[in-house]
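Computed from the coordinates by the stated procedures, all read-outs in this text should not be read as laboratory data. In this text the structure is predicted, and so the values were computed from the model without any measurement. With ideal geometry, Cβ positions are generated from the backbone for all residues, glycine too; neighbour counts draw on all protein chains shown.
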Amino acid sequence: MTLQAPFVLASASERRQRLLRNTGIRFEVCPSYVNEQVEPGMSPEDMVQVLALRKARHVAMQYPDALTLGADTVVVLAGDMLGKPDSPAEAERMLGRLSGVTHSVYTGIALLHPPSNRTVRASERTDVTFHTLSTAEITNYVASGSPLDKAGAYGIQDNHGPFFVQRIDGDYYNVVGLPLHRFYRILNEHFPDLLAGNYGA
């Protein structure tokens, strides 16, 4: 896919960068280190959209001629939002809670194009069910260090996470961190003039 405008990813996530590279889109990376505090009681859908938009706006100020993409992901279990664990012990607690049950992964995305004054945001939900994890599985996974930089303390795409997932209902790429289908539909519906080639709907 080719865009007829500079494109910037407002994220340091290697997973999101890898997904975008696989689409063939050329882009620059400019991480957005913004305040991620939100109003108490905000729904997961609203929270990830608000944070994605906040990140995109922060970076768009540095790239006023570009299309900027911001994203944010959270894992939700029984009404509790699970972000990145602060420590190995917290990662173990999170994985223990996810063991044998179904949780939801929400990713919010925001696309900003200052030259045309267009801003679009959306969210995607995917439900993920884990098999019952043994203490050894949790301990060994946390010892690998992989869970410590991931919402919910796991990565469905890494070297252990896939083995824990018994079932998935929704967009797999959303769990990785970027709902590519939703991203593609937004480009087609709201930014068709920026698409080159035969990708327009």
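Miscellaneous remarks
- Radius of gyration, Dmax [segment 3-99; alpha carbons; angstrom]: 15.5, 46
- Intensity falloff of segment 2-196 expressed as log10 I(q)/I(0), Debye formula with alpha-carbon point scatterers, at q = 0.13, 0.14, 0.15, 0.17 Å⁻¹: -0.68, -0.78, -0.88, -1.08
- Using the average count of surrounding beta-carbon atoms within 10 Å as a protection proxy, the listed peptides 61-71, 117-127 rank, highest first, as 61-71, 117-127.
- Given charges at beta-carbon only (K, R positive; D, E negative), |dipole| of segment 108-201 in Debye: 220 debye
- Comparing Val59, Val176, Val142 along the charge dipole axis of segment 2-196, the residue lying farthest to the positive side is Val59, per the Cβ-charge model.
- Pairs of Cα atoms nearer than 8 Å and 6+ residues apart set the relative contact order; for segment 2-196 it is 22 percent.
- Kirkwood hydrodynamic radius (C-alpha pairs) into Stokes-Einstein, segment 66-145, 4 °C and 1.567 mPa s, D in µm²/s: 88 µm²/s
- Segment 166-189 versus segment 20-50: alpha-carbon centroid distance in Å: 14 Å
- Scattering profile of segment 94-201 at q = 0.10, 0.21, 0.24 Å⁻¹ [log10 I(q)/I(0), Debye over alpha-carbon scatterers]: -0.39, -1.03, -1.26
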